[in-house]
Amino acid sequence: MEFFAKTDQGKMRKMNQDFLFATGDALGKFPNLFLLADGMGGHRAGDFASRYLVESLTTLLKQEEELPLVRSLEKAIQKMNLELLRLSQSNTHLQGMGSTLVTAFVEGNSIVFSNVGDSRAYLFQRNRLRQVTRDHSYVEEMIQRGKMIRGSEEYQKSKNMITRAVGAEKYLEVDFFEEEWEEGDLFFLCSDGLSNMVDQESMVQILKDDSSLEEKGEALITLANINGGKDNIALILVKPGKEQG
């Protein structure tokens, strides 16, 4: 297994509120684990939310539990949702904080993804790129109802409004997805600082190029900045290996 993981402040933000964790080695019962979060809130609250969420999740998931991996992950996310909500309600400096979250782990020939918010997971197979996760956002809900056109002026104005976040409400629904992978496939997790700045056609051109995983990752982040770098950028790019089979 190979992976590339990096965050970048972008060109417009004064602080980086994206945070990630990536390991190709075992963590507790997980054979590998990739976590990416994009914090929201006031000056320090978003930074705190994403970092606290990711660091606490890795600590929780190191503990061996007699539960299936998906159930262990969901249980840990739900616990952190309540913890972030409690901190937000008890500390005036953290009021209104929350975080997106997108996760992945490879088990055998499967990749299991989860997401909350608009941070995304993509799968690149046979030179075709597909978004696996579904954004929890106002514009995506309107599009699903046939009340908004993707890319319209209204879409552009409202696309940063998310409808789910870890730590925002007592009840949280986490979406899970399972995909099969084959030798040569890639997948990546990213914050909207990348997905809003780089279109899928450009992503495909970079991913199918005959370059190293690190070069592909750096190229994606560089292009996001060239195109405006309006937000923090976070990316975890993974190439599953034969040892996972």
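The values are calculated or read from the model by the stated rules, or taken from the named source; none is laboratory data. Here the structure is a predicted model, which is why all the values come from computation and not from measurement. In this analysis, Cβ positions are derived from the backbone assuming ideal geometry, glycine residues included, and neighbour counts consider all displayed protein chains. Areas reflect the complete protein model, heavy atoms only, side chains present, ligands, DNA and RNA absent. Shrake-Rupley method; radii C 1.70, N 1.55, O 1.52, S 1.80 Å.
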Taking only Cα atoms and a 10 Å spring cutoff, compute GNM fluctuations for the chain and point out the largest among Leu189, Leu84, Leu101.
Leu84
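Probe of 1.4 angstrom, ligands and nucleic acids ignored: what's the accessible area per residue over segment 1-137, in square angstrom? Intermediate results must be reported in sequence, preceding the final value.
Details: 6190 Å² over 137 residues.
Result: 45 Å² of accessible area for each residue.
Stokes-Einstein D for segment 1-80 at 20 °C, 1.002 mPa s, Kirkwood Rh over Cα pairs, in µm²/s?
On the way: Rh = 13.7 Å.
For these conditions, the coefficient is 156 µm²/s.
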Binning every alpha carbon pair distance of segment 127-225 at 10 Å from zero, what are the percents per bin?
12, 37, 35, 15, 1
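Report the relative contact order of the chain, percent, no decimals, based on alpha-carbon pairs under 8 angstrom and at least 6 residues apart.
Details: 550 pairs, mean separation 66.9, N = 245.
Dividing the mean separation by the residue count of the chain yields 27 percent.
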Of Asp8, Asp175, which has the most accessible area and how do the rest follow, probe 1.4 Å?
Asp8, Asp175
Order of 61-67, 28-34 by packing, highest average Cβ count within 10 Å first?
28-34, 61-67
So if R0 is 51 Å, what FRET efficiency would Lys170 and Lys230 give, r being the distance between their Cβ atoms, rounded to the nearest 0.05?
0.95
In the neighbourhood of Ser211 defined by beta carbon distances under 15 Å, the net charge of the other residues (Lys, Arg +1; Asp, Glu -1) is -3
Can you give the extra length, in nm with one decimal, that the chain gains between Glu2 and Ser202 once fully stretched, where that is 0.36 nm per residue apart less the Cα-Cα distance?
69.8 nm
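Counting only other residues whose beta carbon sits under 13 Å from that of Ser202, what net charge do I get with K and R as +1, D and E as -1?
On the way: positive: Lys208, Lys216; negative: Asp199, Glu201, Asp209.
Here the count lands on -1.
DSSP loop trypsin sites (Lys or Arg not before Pro) in segment 154-231 with at most 14 other Cβ atoms within 10 Å of their Cβ, which ones? Please list the in-between numbers first.
Values: sites: Lys157, Lys159, Arg164, Lys170, Lys208, Lys216, Lys230; in loops: Lys159, Arg164, Lys170, Lys208, Lys230.
Within segment 154-231, the qualifying trypsin sites (Lys or Arg not before Pro) (loop, at most 14 other Cβ atoms within 10 Å) are Lys170.
Heavy atoms only, probe 1.4 Å: what % of the accessible area of the chain goes to carbon and sulfur, would you let me know?
Values: 5400 of 11870 Å².
That share works out to 46 percent.
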Cα pair distances exceeding 22 angstrom across segment 173-245, given as percent:
29 percent
So how do Glu74, Glu153 rank on accessible area, 1.4 Å probe, biggest first, that is with the largest at the start?
Glu153, Glu74
How much length is gained on full extension from Thr222 to Glu66, taking 0.36 nm per residue of separation minus their Cα-Cα distance?
51.9 nm
If unit charges are put on Cβ atoms (+1 for Lys and Arg, -1 for Asp and Glu) and the dipole of segment 1-108 is taken about its Cα centre, the option from Leu20, Gly98, Gly41 lying farthest towards the positive end turns out to be Gly41
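Can you give the FRET efficiency to the nearest 0.05 for Leu27 and Leu82, using r as the Cβ-Cβ distance and R₀ = 22 Å?
On the way: r = 22 Å, r/R0 = 1.01.
Taking R0 as 22 Å, the efficiency between Leu27 and Leu82 is 0.50.
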Under 18 Å from a point placed 7 Å out from the Cα of Leu213 along the Cα-to-Cβ direction: which residues of segment 66-105 have their backbone N that close?
103-105
